[in-house]
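Here's the structure we're looking at; comments come further down.
Please treat every number below as a calculation from the coordinates, not as lab data. On a predicted model such as this, the values are computed, not experimentally measured, just so you know. Note: ideal-geometry Cβ built from the backbone for every residue, glycine included; neighbour counts use all protein chains shown.
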Amino acid sequence: MRPVVIKVGGGALAGGALEDLPEILGSGRRVALVHGGGAQLTRMLDALGITSRFNEGLRVTDARSLEIAEMVFAGSVNKALVRELGGLGLSAAGISGTDGSTFLVEPIAGLERVGAVVRVKPGLVHAIWAGGFVPVLAPLGLGPEGAYNVNADAAAAALAAELGAEHLLLLTDVDGLLREGSPVGSLAPDECEDYVASGLAAAGMIPKLRAAAAAARSGIEVRIANGNKRGALAAAVSGKKVGTLVSEGVVA
């Protein structure tokens, strides 16, 4: 079976979709997690008197902010998620995208130390799987000046493409891309940018849709779903309708 890549937020999801993981892993599927942590980083920056700035859902990250981001993402958020998985009876190993040069990036103009993934080296992920662990990756990558902040949705999409994943699940705190309060059931990749241009997708949903479109063009079935709802992961992997599906199989 092809693997599953899951992007989760930085907050705890106890009682939510992650509780489906033992069932999914029990079926023999390999799973890799990529996490965010934007809310935790914003709180830390606020406490230090550093203003957070965003451009189309991406955080502008200077050198000082990057140092703090690395501590938050690869430190407290990553290890808390590993512990949470341990509480579900799963053995997990937390790394960042700089470990093993997993995510290699190029700087994004105007965002300072923010990078776009241009290459994924999956050797460390495969080694973690071989050891019987679930890899949990913090959204950081290596670029020309060292470490870079990477949008977690984009990192998960790049990892899914490199691993030949069957499913990419982008978990959020809403039921998918919403239109008039209800989730849009399905989208073709080429439709995603239309929702950005129309303003229906805003803030953090912008990089989510762009990541979903990129992964779907690689033949991956992508779903944007509510990570606070137990059963969402199992339903998505089994092909049931949940959240917003982005797939090449959808007719625009």
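Charge tally for Glu56 (other residues, Cβ to Cβ under 13 Å; Lys, Arg +1; Asp, Glu -1): +2. Across the cross-link table entries Lys79/Lys208; Lys79/Lys121; Lys7/Lys79, which are compared at the Cα atoms, the separations over 18 Å belong to Lys79/Lys208; Lys79/Lys121. Of the two radii for region 68-129, the radius of gyration is 1.04 times the Kirkwood radius, both from the alpha carbons; that is the Rg over Rh value.
Three semi-axes describe the equivalent ellipsoid of region 124-164; taken as square roots of 5 times the Cα gyration tensor eigenvalues and ordered largest first, they are 21, 13, 9 Å. A simple count of charges around Leu233, restricted to other residues whose Cβ falls under 10 Å of its Cβ and scoring Lys, Arg +1 and Asp, Glu -1, yields 0. For region 52-186, the equivalent ellipsoid built from the Cα gyration tensor has semi-axes of 23, 22, 16 Å, listed from largest to smallest. Over the Cα atoms of region 4-246, each weighted equally, I'd like the Debye log10 I(q)/I(0) at q = 0.11, 0.13, 0.16 Å⁻¹, rounded to two decimals. So the normalised log intensities are -0.51, -0.73, -1.16.
Rounded to the nearest 5, the antiparallel percentage of DSSP beta bridges internal to region 4-246 is 35%.
Comparing Gly28, Gly143, Gly132 in a Gaussian network model of the chain where C-alpha atoms under 10 Å apart are linked, the largest mean-square fluctuation is found at Gly28.
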